[in-house]
Amino acid sequence: MGDSYRICNKLSVEQGLEKGLLGGPFQSKLTFKNGVSASINQFGKRTIELSTHTPTSCDDLFTTFQSIEKLLMLLDGRFYPIEKLRFFMDEDELTDASIEYEQRRLGYFSSKDFCRYSWLRLISFQNVLTDELFGKWNVLLDELDIVFQSLLYSLSDNRMPVDLNFAFLVELAEPFTELLKEQTCYCQSLTPGERGTTLKMCVDTLILIFGKDIFDEELSADYADFLNAVVGSRVRIMHIKKKQSKHFGGKECVKYSMKFSLLYRKILFELLDIDNCQYDGAIQNATRKINEWK
């Protein structure tokens, strides 16, 4: 039988840090319209359990788990490695399915080293995670489509040079501008992809609307020169030429990958209607750490 016809009624996933323990005890419970319920428990480790009274396909439970995990990544700034993944039908573990689904994990679920600082966690999940928020998140995931996947790959341990990953992060300013234009009153004068709207204009607009706290140092210095270097770093990778415009070196690409990650996460919080009092202080702290980062 194909994977989509494997039947189960429970999925349990345990995650943890490579070194150290996660905080807690924290707990959140979710209930979905399709009859699936989820519990997230954290105390040293994080355990996510999904269950249903009516047997369903392993694919369905695993897809729901990964949607929850992506939302948690938005809050935490990183993914946590899976230590145990187990499917059950009643009390019997489906060992073959457990092994196969864990091996099937995409590469973007392994976060880069620079995403693993604890101070990049912006919101504790138990403070905001509700059925309503998860519903909004699923709608937003569909609208983001490949945009969110590109963000995750750019922040993943993909073994590509950091300047290549940073170029893709900069490129994401255009689809984020499009998304804001469609869903909010922001960015209405911009038309990404069309003549008259440049990538630099999109980056500038996103920073001035959402990133003044994140790019405080850059705004108080030579901001025009900074914008040129941001766009030049993208042009250097996407339009390979012998003579390159001003661009960032490797260490600067790491620094600004962290800052653009904060910027995009903040925009997604806005689109999810998460109150900024939940994360403003954490963003200011993370920005201070990045500015001090060596």
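List of remarks:
- Gyration tensor verdict on the range 184-294 (Cα atoms; rounded if a/c is under 1.5, prolate if a/b is larger than b/c, oblate otherwise): oblate
- Couplings 3J(HN,Hα) for the range 133-139, derived from phi with the Karplus relation 6.51 cos²θ - 1.76 cosθ + 1.60 (θ = phi - 60°), are 5, 5, x, 4, 5, 5, 5 Hz, where x marks Gly and Pro.
- Per-residue [θ]222 nm for the chain (sum of -39500 (n - 2.57) over DSSP H runs n ≥ 4, rounded to 500): -15000 deg cm²/dmol
- Angle between the chain longest axis and helix 58-76 axis [Cα atoms, degrees, rounded to 10]: 40
- Integer Hz, Karplus 6.51/-1.76/1.60 couplings in order for the range 17-32, x for Gly and Pro: 7, 4, 9, x, 10, 7, x, x, x, 10, 8, 9, 10, 10, 10, 10
- For residue 84, a cut-off of 14 angstrom between C-alpha atoms picks up these aspartates and glutamates, skipping any fewer than 8 places away in its own chain: 14, 18, 49, 93, 96, 100, 102.
- Chain lengthening between residue 84 and residue 275 when straightened (0.36 nm per residue, less Cα-Cα): 65.4 nm
- Seen from every direction in turn and averaged, the convex hull around the alpha carbons of the range 1-138 projects onto 8.4 nm².
- Using θ = phi - 60° in the Karplus curve 6.51 cos²θ - 1.76 cosθ + 1.60, the 3J(HN,Hα) couplings for the range 155-163 round to 10, 9, 7, 9, 6, 8, x, 5, 5 Hz; x is entered for Gly and Pro.
- Placing +1 on the Cβ of every Lys and Arg and -1 on the Cβ of every Asp and Glu, with no other charges, gives the range 121-230 a dipole of roughly 60 debye about its Cα centre.
- The length gained by stretching the chain between residue 136 and residue 223 to full extension, at 0.36 nm per residue less their Cα-Cα distance, is 27.8 nm.
- Within the listed set 195, 234, 46, the Gaussian network model of the chain (springs between alpha-carbon atoms below 10 Å) gives the highest mean-square fluctuation for 195.
- Using the Cβ-Cβ distance between residue 117 and residue 95 with R0 set to 30 Å, the FRET efficiency works out to roughly 0.25.
- Structure remark: mean-square fluctuation, Gaussian network model of the chain, C-alpha springs under 10 Å; the largest value among 258, 160, 89 belongs to 160.
- For the range 161-294, the solvent-accessible area works out to 48 Å² per residue, with a probe of 1.4 Å and every protein chain left in place.
- Each label point was placed 7 Å from the Cα along the Cα-to-Cβ direction; for residue 105 and residue 246 their separation is 4.2 nm.
- Per the Debye calculation on the chain with a single equal scatterer at every Cα and no solvent contribution, log₁₀ I(q)/I(0) for q = 0.10 Å⁻¹ amounts to -0.58.
- Projected label distance in nm at residue 212 and residue 157, using a 7 Å step from Cα toward the beta-carbon: 3.9
- Summing charges over neighbours of residue 227, with a neighbour being any other residue whose Cβ is under 9 Å away from its Cβ, gives -2 when K and R count +1 and D and E count -1.
- The range 72-183, accessible surface, carbon-and-sulfur percent (1.4 angstrom probe): 47
- For residue 45, nonlocal amide neighbours, meaning residues 5 or more places apart or on other chains whose placed amide H falls under 5 Å from its own, are 22.
- Cross-link reach is defined here as a Cα-Cα straight distance under 13 Å, omitting same-chain residues fewer than 8 places apart; for residue 200 the aspartates and glutamates meeting it are 171, 174, 225.
- In the chain, a dipole from Cβ-located charges (positive for Lys and Arg, negative for Asp and Glu) runs towards its positive end, and of 279, 55, 89 it is 279 whose Cα lies farthest in that direction.
The values are calculated or read from the model by the stated rules, or taken from the named source; none is laboratory data. The structure displayed is predicted, hence computed values, not measured ones. Counting neighbours? That spans all protein chains shown, and the Cβs are built from the backbone with ideal geometry, glycine included. Ligands, DNA and RNA are excluded from the accessible area calculation, which covers all protein heavy atoms including side chains. Shrake-Rupley method; radii C 1.70, N 1.55, O 1.52, S 1.80 Å.
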